[in-house]
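The values are calculated or read from the model by the stated rules, or taken from the named source; none is laboratory data. It should be emphasised that the depicted structure is a prediction, and the values quoted were computed from it without experimental measurement. Glycine gets a Cβ as well: all are built from the backbone with ideal geometry, and neighbour counts include every protein chain shown.
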Amino acid sequence: MATIITIASQKGGVGKTTTALNLGYSLSRKGKKILIVDGDPQGGFTAACNLKKKTAKGLLHILNGTVQGADAIQPLYHGMLAALGSGVINAEDIALYESAAAGEQLAAVLRDLAAGYDYLLIDAPVGVGIIVKALLSASDLYLIVINCKAGTMKTLPRLMKTGEWVKKNVNPSLEFLGVLVNMYDAGNPSEEKIYTYFKASLSRKFFFDSVIPLDNQLETASFRSVPVAMVKEGAEVAAAFDRFADELLGRTNDTAETVEPVDSGGGDGEKLEDDLYTNLLKELCEKSDYYGAVLADEMGFPLADYNCPINTDALAAFTSVLGDSLEKAESILEQEDPNNLTLEINESDKVALRRFNALNSTYFLLVICPQAAVFPGLVELTISEIIAKLTE
Ligand SMILES: Nc1ncnc2c1ncn2[C@@H]1O[C@H](COP(=O)(O)OP(=O)(O)OP(=O)(O)O)[C@@H](O)[C@H]1O
Ligand SMILES: [Mg+2]
């Protein structure tokens, strides 16, 4: 039975959803089996990892009895991490969700879902309302995410009081795990002052020692709907989430199976994976006499590239346009499953795009090659190696 942890905050936009995704990813890389549940009817987490593209079914459908839990849960990135979206789409859904929260149904469903995982992380909606109370009623632990602004620090007691109320009246086993400072801007004197002041005036374990810095790579990751460890320049802030995950395991008296070493040289496990995909692309190009190749996700964002002649923004636009063309070809040409497209780009060269699926997501492999190149060649082999790596 999983330990259920609600990730809450009384202020909006401080990084609850970001923490749920990146903490969940980090814990899963440390050998823990993780389910992340979007407990926010606004669907923050659902959007954060593009769950709607994979399934519109979510917690709401389990609550109204139209699906079983297992049918709405989606694997994410690799076998140790899974996610459940909110399933909330319109105002009626929100009303249903809130009434399930007011009764005991929401808490009961969450406890059922916890079976088979080490940790169930809940991305809570902002505030101290009825849904947050219900999520806390179902939880073993809760943690609070804040930024280092005076207004956020001063309103912290409101959420703490809600936690205490739930513990006293509904769920005596609920424990407070700690406060995570996110978006910390170390160069900003007022943030430093506020952090030092509150840290000194509260009990030693009130704040986690780990702090997540303000880092634009989290925006890039959020835009691409992936954990920051999957972004090329994201190693530093990903390492901060790894340290936080270790500290959290320490506080829950748990240990990581494989604590990955933090490479201060700027690389980490994911960076190595990036390199691994790049190497697969490099090998494909060298053996097949292609000029360059790109691996992109379903939004067209490049995950890895080798010898690509254009910058990544242009590439993202390019692959998503090509991806759309494949969708259109499917309906216009009435072709079944048109997974390949080639486009001549000048007198001698062409671009070939191959669409494939792994882990319920679509990916694109794009190669730039002479017009005379014959397909599939080694492309299929490379794709099967990429799928093996993605589903590992
Ligand atoms: N440490 C950080 N550095 C830079 N940007 C960050 C950081 N953490 C989060 N962000 C960005 O801040 C925005 C808000 O984050 P997020 O959605 O996680 O907050 P939230 O608390 O879940 O918001 P809400 O209250 O609306 O649910 C996102 O665009 C996210 O990418
Ligand atoms: Mg959120």
- prompt: Which one of the conditions (1) more than 16 Å from ligand 2 (Cβ to nearest atom); (2) in contact with a helix residue (DSSP H, G or I) (Cβ under 7 Å, 6 or more places away or on another chain) does residue 140 fail to meet, given that it meets all the rest?
  reply: (2)
message: On the basis of being farther than 28 Å from residue 103 by Cβ, in contact with a Ser or Thr (Cβ under 7 Å, 6 or more places away or on another chain) and either loosely packed, with under 13 Cβ neighbours inside 10 Å or of a type outside the set (Asp, Glu) (or both), does residue 218 make the cut?
response: yes
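Is it fair to say residue 129 is assigned by TED's automatic domain parsing to the domain that holds residue 94, within 16 Å of ligand 1 (Cβ to nearest atom), loosely packed, with under 13 Cβ neighbours inside 10 Å and not aromatic (Phe, Trp, Tyr)? Spell out how you get there, then give the answer.
On the way: assigned by TED's automatic domain parsing to the domain that holds residue 94: yes; within 16 Å of ligand 1 (Cβ to nearest atom): yes; loosely packed, with under 13 Cβ neighbours inside 10 Å: no; not aromatic (Phe, Trp, Tyr): yes.
No.
Looking for whichever is within 10 Å of ligand 2 (Cβ to nearest atom), surrounded by fewer than 24 Cβ atoms within 10 Å (Cβ to Cβ) and either free of Cβ contacts under 8 Å to residues at least 60 places away in the same chain or not acidic (Asp, Glu) (or both) here; the options are 20, 47. Which one fits?
Numbers: 20 fails: surrounded by fewer than 24 Cβ atoms within 10 Å (Cβ to Cβ).
After ruling out the rest, the residue left standing is 47.
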Complete set of residues in region 88-123 that are more than 16 Å from ligand 1 (Cβ to nearest atom), aromatic (Phe, Trp, Tyr) and not in a loop (DSSP other than H, G, I, E, B): 119
- request: Please enumerate the residues belonging to region 153-183 that are surrounded by fewer than 19 Cβ atoms within 10 Å (Cβ to Cβ) and among the hydroxyl-bearing types (Ser, Thr, Tyr).
  value: 155, 173
task: Name, by its number, the condition in (1) more than 16 Å from ligand 1 (Cβ to nearest atom); (2) without any contact (Cβ under 8 Å) to a residue 12 or more places away in the chain that does not hold for residue 163.
output: (2)
statement: Restricted to region 43-87 and to residues being hydrophobic (A, V, I, L, M, F, W, C) and assigned to a loop (DSSP other than H, G, I, E, B), the residue farthest from ligand 1 (Cβ to nearest atom) is 67
message: Regarding region 96-110, can at least one residue be identified that is touching a residue at least 12 places away in the same chain (Cβ under 8 Å), closer than 23 Å to residue 225 by Cβ and among the hydrophobic types (A, V, I, L, M, F, W, C)?
response: no
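Out of all the residues in region 3-17, is one or more within 16 Å of ligand 2 (Cβ to nearest atom), part of a loop (DSSP other than H, G, I, E, B), basic (Lys, Arg) and touching a residue at least 40 places away in the same chain (Cβ under 8 Å)?
Looking only at region 3-17, we keep the residues that are within 16 Å of ligand 2 (Cβ to nearest atom), and these are 5-17.
Those still in the list that are part of a loop (DSSP other than H, G, I, E, B) too: 9-15.
Pick out the ones that are also basic (Lys, Arg) and you get 11.
Okay, now just the ones that are also touching a residue at least 40 places away in the same chain (Cβ under 8 Å), so 11.
The answer is yes; a qualifying residue exists.
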- prompt: What's the number of the condition residue 253 fails, among (1) farther than 26 Å from residue 139 by Cα; (2) without any contact (Cβ under 8 Å) to a residue 60 or more places away in the chain; (3) not aromatic (Phe, Trp, Tyr)?
  reply: (1)
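Of everything in region 3-42, what is of a type in the set (Gly, Ala, Ser), within 13 Å of the chain's Cα centre (by Cα) and within 11 Å of ligand 1 (Cβ to nearest atom)? Give them in sequence order.
Within region 3-42, the first condition is being of a type in the set (Gly, Ala, Ser), and the residues that meet it are 8-9, 12-13, 15, 20, 24, 26, 28, 31, 39.
Next cut, within 13 Å of the chain's Cα centre (by Cα) only: 15, 20, 24, 26, 28.
Correct list: 15, 20.
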query: Can you name the residue in region 132-146 that is touching a residue at least 60 places away in the same chain (Cβ under 8 Å) and part of a helix (DSSP H, G or I) and is also nearest to ligand 1 (Cβ to nearest atom) among such residues?
result: 132
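Limited to region 200-220, what total is found for residues that are without any contact (Cβ under 8 Å) to a residue 40 or more places away in the chain and either within 16 Å of the chain's Cα centre (by Cα) or assigned to a loop (DSSP other than H, G, I, E, B) (or both)?
So in region 200-220, the residues without any contact (Cβ under 8 Å) to a residue 40 or more places away in the chain come out as 200-204, 206-207, 209-211, 213-217, 219-220.
Going one step further and asking which of them are either within 16 Å of the chain's Cα centre (by Cα) or assigned to a loop (DSSP other than H, G, I, E, B) (or both), we end up with 202-204, 206, 214-217, 219-220.
Qualifying residue count for the region: 10.
If we scan region 118-125, do we find a residue that is out of contact with any Pro (no Cβ under 7 Å at 6 or more places or on another chain) and without any contact (Cβ under 8 Å) to a residue 60 or more places away in the chain? Before you say what the answer is, go through the steps one by one.
At the first step, the residues of region 118-125 found to be out of contact with any Pro (no Cβ under 7 Å at 6 or more places or on another chain) are 118-124.
Now restrict to residues that are without any contact (Cβ under 8 Å) to a residue 60 or more places away in the chain: none.
No, region 118-125 has no match at all.
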query: Being touching a Ser or Thr at 6+ places or on another chain (Cβ under 7 Å), at pLDDT below 95 and either more than 19 Å from residue 62 (Cα to Cα) or among the acidic types (Asp, Glu) (or both), is that true of even one residue in region 81-98?
result: yes
message: From the list 59, 27, 35, exactly one residue is without any contact (Cβ under 8 Å) to a residue 60 or more places away in the chain and more than 10 Å from ligand 2 (Cβ to nearest atom). Which is it?
response: 59
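So for region 330-338 (the condition being among the hydroxyl-bearing types (Ser, Thr, Tyr) and modelled with pLDDT of 80 or more), does at least one residue qualify? Quick ask: steps written out before the conclusion?
Filtering region 330-338 down to residues among the hydroxyl-bearing types (Ser, Thr, Tyr) leaves 331.
From the residues that got through so far, the ones that are modelled with pLDDT of 80 or more too are none.
Checking region 330-338: not a single residue is among the hydroxyl-bearing types (Ser, Thr, Tyr) and modelled with pLDDT of 80 or more.
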- request: Within region 290-315, track down each residue that is at pLDDT 85 or above and out of contact with any strand residue (DSSP E or B) (no Cβ under 7 Å at 6 or more places or on another chain).
  value: none
